[in-house]
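The structure under discussion appears below in the form of C-alpha cells.
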Amino acid sequence: MRVDGISIRDQFLAPSQIRALVDCAHLRHKRGDFDAARIGSDRSLQRRQDIRGDSTCWIAPPLLAAERSLMEELERLRLELNCEALLGLFELELHYAWYPPGAGYARHVDQPQGCPQRQVSLVLYLNEVWTPAAGGELRIFDAADGHRDIEPIAGRLVCFLTPGREHAVLPTQRDRLSISGWFRARD
C-alpha cells in the first residue's frame, strides 16, 4: 500500500488469465448465477438502481479452474500485505460485478457501520480493449473531498484501505466487468 492507502498494480494477471476469468463470468451469467445488486444490510436489503446498477455473482465453491488460480494469486497478495503492512488479514470475500451500459454505483463506503472486518477493498478489472470514452472509472475520494479516477483496464488490480474510504463507479458506456471484494480481519 502507498502512503495514501491506495495501490494500483497493472498486469496483475496475464491476458490469458483475464480471458479465462471473462469466460468464467460468461458461463456463470448463462447459468443464472448473477443477481441484481442490492444495498443495505440483512434486514433492509433493497434494489436501488438509481444508486447501484450492477449485477453480482459471489465467487464461492465449486470454483472454476481460472477462479482457483485467481484465489492462489490473491492468497499470495494477502500474505504480502500482512508481511509488509501488518494488517492481520485472514479471509477474502469476492464477487463478479457486471455493469451494463448506463450503470454506475454512487458514492459509498465498503465497511458498513458496526462491521469492521473489511480492511482492504480490491477490484480486478476484466475489461479487454477498454477506451477512456467507455467511462466506468473507479472514483476514489480523499479527505479533502478531492478525487482520483482510475480506468477499468483489463488486468489492473486496485487495492485500498477500506475503513472510511468513499468511492464510486462512474456510469459506463458499455458492459464493464470486474471482480471485487475485501480482505477481512477476524471478527
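The values are calculated or read from the model by the stated rules, or taken from the named source; none is laboratory data. Please read these numbers as outputs of a predicted model, since none were measured by experiment. Don't worry about glycine lacking a Cβ; one is built from the backbone with ideal geometry, like all the others, and counts go over all protein chains shown.
Worth pointing out:
- Scanning region 112-130 for any residue that is assigned to a loop (DSSP other than H, G, I, E, B), under 23 Å from Val22 (Cα atoms), at pLDDT 95 or above and out of contact with any Asp or Glu (no Cβ under 9 Å at 6 or more places or on another chain) turns up at least one such residue.
Here's the yes/no breakdown for (1) farther than 16 Å from Ile8 by Cβ; (2) among the hydroxyl-bearing types (Ser, Thr, Tyr); (3) in contact with a strand residue (DSSP E or B) (Cβ under 6 Å, 6 or more places away or on another chain):
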position	(1), (2), (3)
Leu138	no, no, yes
Asp145	yes, no, no
Arg148	no, no, yes
Glu151	no, no, no
Leu157	no, no, yes
Arg165	no, no, no
Leu170	yes, no, yes
Asp187	yes, no, no
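- A single entry from Glu93, Glu67 fulfils the requirement of being modelled with pLDDT under 95 and surrounded by 14 or more Cβ atoms within 10 Å (Cβ to Cβ): Glu93.
- Residue within region 168-184 that is crowded, with 21+ Cβ neighbours inside 10 Å, at pLDDT 95 or above, in a loop (DSSP other than H, G, I, E, B) and on the phi < 0 side of the Ramachandran plot present: no
- Among residues of region 4-27 that are in a loop (DSSP other than H, G, I, E, B), those with a beta-carbon under 6 Å from a residue that is modelled with pLDDT of 95 or more at least six positions away or on a different chain give the pairs Asp10/Arg156; Gln11/Gly155; Phe12/Gly155; Phe12/Leu157; Leu13/Gly155.
- First in region 144-161 and without any contact (Cβ under 8 Å) to a residue 24 or more places away in the chain, second anywhere and of a type in the set (Lys, Arg), Cβ under 6 Å, 6 or more apart: His147/Arg139; Asp149/Arg139
- None of Arg47, Arg78, Arg38, Arg43 is surrounded by fewer than 13 Cβ atoms within 10 Å (Cβ to Cβ) and among the charged types (D, E, K, R) except Arg43.
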